[in-house]
Amino acid sequence: MVSGVRQPFLDSLAAVVLAAGLALVLVVAAGRLESARVGAAEAEARMAAALWEQEGGGADAVVGLLGARATITGADAGGAGPGPAAYAYEAGELDPAVWIAVAPPPADGPRDALPVTAIAIALAGLTVVTGWVLARRRGPTRTRYPVSIALLSVGCIALTAVAAGRWTHGELRSLSAATAAQGARAVQIALAAGADPADAARVAQLPWAQDSSLDSPTEQWTMPAAVVAAIAASSERDVETSAGNDAISLDAANAPAPTAREADAGARLIAPHTVEAEGATWHVARTADIHVALLGYERTASPALALAAAGGLAGLLVALGLHLAQLASRPRVLGRTLAAWGLLVPAAALIVAFTLGPLLFSLWISLHEWRLIDPAPLFLGFDNYAALLSDREWWSAIGNTALFTLHVPVAMAIALALAILTRGSRRALRWARLALFLPGITSVAAIAVVWKWLLSDQYGLLSRGLEHAGLGSVPWLTSPDTALASLMIIGIWMVVGYQMVVFQAGLAAIPRDWYDAARVDGAGPWQRFRHITVPGLRHTLFFVLVTSIIGSFQVFGLVYVMTQGGPLGATDVAVYHIYREAWEFLQFGNAAAMSWLLFVVVFAATWLHFRFLDARRAHG
Amino acid sequence: MGSVSRAGQGVVLRGVEKRFGDVVALEPMDLEVRPGELMVLVGPSGCGKSTLLRLIAGLEESTSGEVWIGGRRVDEVEPGARDVAMVFQSYALYPHMTVARNLGFGLRMRGTPRAELEQRVAETAAALGLGELLERKPGQLSGGQRQRVALGRAMVRDPGVFLFDEPLSNLDAELRLRTRDEIAALHRRLGTTMIFVTHDQVEALSLGQRVAVMDRGRLQQVGTPAEVYRRPGNLFVAGFVGSPPINRIPLFRDDRGRLAGGPFVLAAPSSLSRATLAVRPEDLAVAGPGEADGDASGGSTRTGDFRATVLRVEALGSEQRVHLDGPGIAAWVARASPALRVASGDRVSVSVDWERSHLFGPDGRRQEGVPRPAEQGVSR
């Protein structure tokens, strides 16, 4: 009808939506980058201030140092290029005359990569629009959201991710080099001011305070090349070295040199590690560099991730906008679509907040070292996973879990037998079913407590009963040989009722005709079981098997209440191991990595089962 | 089938009764199915015909009475050992087995040697045109193909008695007709005893050598299709068999000892206080309004037995169904030749072929003898 009028309108609407998406990407990315820079610089300033404080005011003065007392006083001090080039920090209440300058990052990485990202996103958006227009032109009757646009949206997301990756790489390199240099310089300041490096590090909460090799003054350490280069690169501009003594003054734009301290600072006397660069003498602590470099790496990874996510989000938004624009010509469909999404929002929000969010958080945590009390997780990459591969205790826990899972087939066999035996509507059978089902709906903690009491060596009902029968007592839960088996027996007792009910539902779904036909065909009870019941229950059996195995891999309550993983780690199962790692040893990164490894194992098992089932279904 | 089948086994029921608790599913009954016969059990749903079939198969146990198959009493014999094969309404194919394994399952359960089993499966599949489908599963077959597999599963065992439990009711109309013919042909070829359960009286009459009509757990009549149609033993059989259904009118004894109702006054054949007159639609002859003498089929009177108003005419091509209206004959239908010219609203004269009419007593039983109009029978 009015397609001639409507078409340009839709096109411009799509363009506006696209532009909004692009702007969102850029704003988010720029904001993240800026905050990361400020954050990194702030961390440097804190450390430097802490080091300074160690020299001047003592350990207790450090408390509360961070935050209010450190203020940014200059944003464009270096004048070396566009954008913020240097930050100066004033450690306010300590000494009004003290200024610490932080050198600007080298101006290569991000500035090169950022346009690439923007171009990539713009290109992706352009392809989306083009694809959409083409799809519209191909047939006016075809008003459904075409697949090609969905594919293009995916392409847009992928392109953005790639660009973000590239950008990250450049940004990462420059930032780590810069922070390494800053860290080195901060340590230098402290050393020049006469602080003991180990003490300074401890006050600044740096891990290398525990590095015992620092105590060895004779050892020769080598600075990382990046640090040397960074120092060398920035020395010409930033630092003046007085020829007479080795005191260092920092020449940031408005910052006066700390002349009051200069006389006392006998750097040559106390500095344990020195490097010659550009004719000047630099004092460096190696481990600090590494740590600070890591800190920088961590802080750089997140804006890149955010950028990639924002790119994806923008892609989705564009797709969404196009979709809605297309639906605008069909108000009823549009209304239905909006209503459907409106109804989906609460559930989706819950899933994102309580399922997807924690899931991603745990994945993120698994890449870090985090003890809950740390201010910021330390990025380790895949170190946690790598360490787990050779962690014997972890694999022992996995082995225990696998062993425990062997109770599943036994329980299923018993449950199937019970399901067949207790079929029917007679009163006694109904009571039997109820009794068998009860453990399944009882609290695990209650069950565990009762069983613990029953199985106790000294006053346990079972042990005393066996003794009375003259069979001698069994150390149910106190021997490494029997503890896991005891738990397996209780596990069987717990799940059999539930499995039985599921099996009965499955049995009821098998048509009686099949049994009749088999009887006329001459099949006896066993053959009917084998050829009718088992194949008819195939899906039920599979369902119970998979859910039981997953449940078995997640066993926790029984172990927690009854054995606490003992004796001698015989019942230390995976989830309990993870729990202890997180809440007893406060190794959350490790625990998260374990959780993900466990997930991979369970997922693989389930997937194999599905494949197996599919194969059977396909080939008979 | 390679081997020419042995003649079928006779099936004899003596006083067989089935109760589920207090509910009587089958009242005690006697029934004999002769060797090689195709007997159809027909009746409305819930009449007990399927229960009777399951009793013969051994899937149900009778409360009392005896079941004999091939001269052997089988009440204590397992279904698999009764020398019967059954085709179910749902076909009851084993869904996880291929067609070949479905066909061979019964033989396998009996420990038939593998070579023989494979040969017989192949022969049966060839006979039914299932050769291409042997490696498929039931889920991949059409309704008609499944039906043939179910048939093949029964055939492959070469049983003494075939039992069919409404095997055609899940097929569409065309396929049902074709399969019905196939089953009839199969019966001619194999000569095996077959007991076929259906609720469709047309199917029963067209397929059965003899038909057993059942209602409410009771055997109503056993006879050839012609007997059942032409000489229904009681009112239920008369009403159940035939389409469109037989026309009926209740008659009461008047003060002159005649049976009267609607337009009819009949000479009472005996001391009946009331009775029901039943006439099949094809035994009514309708004369068009223009014809002075309303008779086409050599009826007994010149001017017709009664006059009625035409309510509606169904022109079916090969025949016309004339729906009549009048006191006591409101739902009557007459069959007429397509040549007859009538339209709704016409007054027509209708003759009754009394030789083919039926009179049933107050208990529903057939009264022997031909109903006759009394001397002044035609009232209007």
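The numbers here are math on the coordinates, done by the rules we state, and not lab data. Since the model is a prediction, treat every value here as computed from it, not as a measurement. Cβ atoms come from the backbone with ideal geometry, glycine included; neighbour counts cover every protein chain shown.
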What does the convex hull of the Cα atoms of region B:11-240 come to per residue, in Å³, rounded to a whole number?
-> 125
Between region A:397-420 and region B:302-368, what's the alpha-carbon centroid distance in Å?
-> 75
Per-residue mean of C-beta atoms belonging to partner chains within 10 Å, peptide B:105-111 = 5
Mind jotting down the three principal axis lengths of region A:382-499 based on Cα atoms? Whole angstrom, largest first.
-> 61, 38, 23
Using only Cα atoms, find the angle between the long axis of helix B:99-109 and the longest principal axis of chain B, and express it within 0 to 90 degrees, rounded to the nearest 10.
-> 70
Using a/c under 1.5 as the rounded threshold, could you call region B:247-373 rounded, prolate or oblate? The axes a ≥ b ≥ c are square roots of the C-alpha gyration tensor eigenvalues, and prolate needs a/b larger than b/c, oblate otherwise.
-> prolate
Counting partner chain Cβ atoms within 10 Å of every residue's Cβ in B:90-97, what's the average?
-> 6
Helix B:114-128 sits at what angle to the longest principal axis of chain B, using alpha carbons and giving 0 to 90 degrees rounded to 10?
-> 30
Mean residue ellipticity (222 nm) of chain B, computed from DSSP H runs ≥ 4 via -39,500 (n - 2.57), nearest 500 = -6500 deg cm²/dmol
Quick one: B:18, A:452, B:49, fewest Cβ neighbours within 10 Å first, how do they rank?
-> A:452, B:18, B:49
Fewest first, what order do A:515, A:498, A:459 take by the number of other Cβ atoms within 10 Å?
-> A:459, A:515, A:498
DSSP-defined beta bridges in chain B - what % are antiparallel, rounded to 5 | 75
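Compute the Rg/Rh shape ratio of region A:321-469: radius of gyration over Kirkwood radius, all on alpha-carbon atoms.
Dividing the radius of gyration by the Kirkwood radius yields 1.18.
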Give me A:595, B:64, B:45 ranked fewest to most by other Cβ atoms within 10 Å of their Cβ, as a rough exposure proxy.
-> B:45, B:64, A:595
Tell me, how many Å apart are the Cα centres for region B:188-202 and for region A:564-599?
-> 71
For residue B:49, list the lysines whose Cα falls under 30 Å from its own Cα; do not include residues on the same chain fewer than 8 positions away.
-> B:18
